[in-house]
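The values are calculated or read from the model by the stated rules, or taken from the named source; none is laboratory data. Predicted model only: the values in this text are computed from it and were never measured. FYI the Cβ positions are ideal-geometry reconstructions off the backbone, even for glycines, and counts take in every protein chain you see.
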Amino acid sequence: MNTNIETFTPFRPVFYILLGFLIVTLIMALIPKSKESKINMVSILSISVTHIVIASALLVIENQLLDMFDLKGDSISFYTYLAVLVLSVLNPVVYYFRNKQKRRGSYQFR
């Protein structure tokens, strides 16, 4: 049994960059939308979807390299991938509820 298995960590900084960009996007999604705002739901959705695709591709490639070279996986990269997934789903939801249009002229009949 080989106990000297190395851990594969070269993709860890890429996951950190993706996570950092999604945190910045979350902060921008929390700011109420103004008329001069360049951020809309389409941009938040496109950022989230592209980050999910990039992070998933990185995880698949990392696993293929691990199998190819008989290396040990990195749990921190996996947890960072999960954080990217959570933030990618959370960003559009936060933006939608934070910038929901208020209905004008709605009447309540009692």
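Just a few scattered comments:
- Close pairs from the range 93-110: first part of a loop (DSSP other than H, G, I, E, B) and surrounded by 12 or more Cβ atoms within 10 Å (Cβ to Cβ), partner polar (S, T, N, Q) and modelled with pLDDT of 90 or more, Cβ under 9 Å, at least 6 apart: Asn99/Asn40
- Ile44 meets the stated requirement of being touching a helix residue (DSSP H, G or I) at 6+ places or on another chain (Cβ under 6 Å) and farther than 14 Å from Phe11 by Cβ.
- Filtered by the rule that a residue be without any contact (Cβ under 8 Å) to a residue 12 or more places away in the chain, farther than 16 Å from Ser88 by Cα and part of a helix (DSSP H, G or I), the range 1-31 gives a lone residue, Pro13.
- Top-ranked residue in the range 32-42 [being surrounded by 10 or more Cβ atoms within 10 Å (Cβ to Cβ) and either among the aromatic types (Phe, Trp, Tyr) or free of Cβ contacts under 8 Å to residues at least 60 places away in the same chain (or both); ranked as nearest to Phe97 (Cα to Cα)]: Met41
- Test set (1) under 13 Å from the mean Cα position of the chain (by Cα); (2) among the polar types (S, T, N, Q); (3) at pLDDT below 95 - Thr7 fails condition number: (1)
- Residue within the range 52-61 that is within 20 Å of Lys100 (Cβ to Cβ) and part of a helix (DSSP H, G or I) present: no
- When the range 67-92 is filtered for residues that are over 13 Å from the mean Cα position of the chain (by Cα), in a helix (DSSP H, G or I) and buried (at least 16 other Cβ atoms within 10 Å of the Cβ), only Ser77 remains.
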